Amino acid sequence: MPDTRALVFDVFGTLVDWRGSLLHEAAGLRSAPDGVDWPSLIDDWRRAYQPALDRVSSGGTWRDLDEVHRGTLADVLGRHHIALSADDRDTLVGAWRRLRPWPDTRAGLERLRSGYRTATLSNGHVALLVDLFRFGDLRVDTLLSAQLADTYKPVPRAYLRGAELLGSEPAQVAMVAAHSADLVAAARVGMRPMFVRRPAEWGPGGEPTPPTGLPDLVVADDLEQLADLLGC
């Protein structure tokens, strides 16, 4: 890939295991009643994520991901008829700063960084990403966020701003993600799409499907294999 100068990474689900990490945190909440179906609740909370971001991007006042998560958590707890203390709600919102990396993430990022500029391109705001990368002992060249474009992915300017901040044209940047919609949106502005399979993202039985209609798509089973494919 002689024209590619930089790799930008989606974070939640691509680099870190949000579901397993949140289930681990939920198990320690003191105010939770017995018998909570935490897998269902956590999955519903995650499903509320993108619609909430889309409402912000379509004209609402920009809010950071902590505020968005706090609002969607309240809605989901209400639908599940679960009451949690304010401290336990804060614990769950703060848990997005303590998501555990996938086993291949740390070594894969180091290898890829040896051949390319590397950065996040996440809907997480910068302060959250700093804490998350410190927690997971992860390293990229810089932490970029859709916050820097005052919007959220998949709005095109989130991707364009990321390329601009790296001093690159979109065609010189590859988007690495485990989510088809993210890659399709990045490809529409000229970035090269790279799909990483994360079958455990939504728990047992996950079947990650690469996006269709992207002829230059790169597909890898994890970041180590992506580094192999890119010669890093």
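Annotation for region 3-27 versus region 186-232: alpha-carbon center distance of 13 Å. Label separation (ARG98 vs ASP3): 4.6 nm, computed from points 7 Å beyond Cα along the C-beta direction. Charged side chains reduced to their Cβ positions (Lys and Arg at +1, Asp and Glu at -1) give the chain a dipole of some 360 debye around its Cα centre. Put simply, the chain fits an ellipsoid with semi-axes of 30, 19, 16 Å; these come from the alpha carbon gyration tensor as the roots of five times its eigenvalues, largest first.
Taking a sphere under 12 Å around the Cβ of SER40 and counting the other residues whose Cβ falls inside, with K and R at +1 and D and E at -1, yields a net charge of +1. Ranking of THR212, THR4, THR142 by neighbouring Cβ atoms within 10 Å, starting from the fewest: THR212, THR142, THR4.
Using a cutoff of 8 angstrom between alpha carbon atoms and counting only pairs six or more residues apart, the relative contact order for the chain works out to 25 percent. For LEU7, the residues whose modelled amide H falls within less than 5 Å of its own, excluding neighbours fewer than 5 places apart on the same chain, are ARG117, THR118, ALA119, ALA174. In the chain, helical runs assigned H by DSSP with n ≥ 4 each contribute -39500 (n - 2.57); averaged across all residues and rounded to the nearest 500, the mean residue ellipticity at 222 nm is -12500 deg cm²/dmol. Near ARG192: Cβ cut-off under 9 Å, other residues only, Lys/Arg at +1 and Asp/Glu at -1. The net charge is -2. Eigen-decomposition of the gyration tensor built on the alpha-carbon atoms of region 18-97 gives equivalent ellipsoid semi-axes of 22, 12, 12 angstrom, largest listed first. Looking at the chain, the DSSP beta bridges with both ends there are about 10 percent antiparallel. For region 129-168, which trypsin sites (Lys or Arg not before Pro) are both in a DSSP coil and crowded by at most 14 other Cβ atoms within 10 Å? The qualifying sites are ARG139. In the neighborhood of LEU214, defined by Cβ-to-Cβ distances under 14 Å, what is the net charge if each Lys or Arg adds +1 and each Asp or Glu adds -1? Residues close to LEU214 contribute a combined charge of 0.
Read-outs: derived from the displayed coordinates by stated rules, not from any lab. This is a predicted model, so every value here is computed, not measured. So basically every Cβ, Gly included, is an ideal-geometry build from the backbone, and we count neighbours across all protein chains shown.
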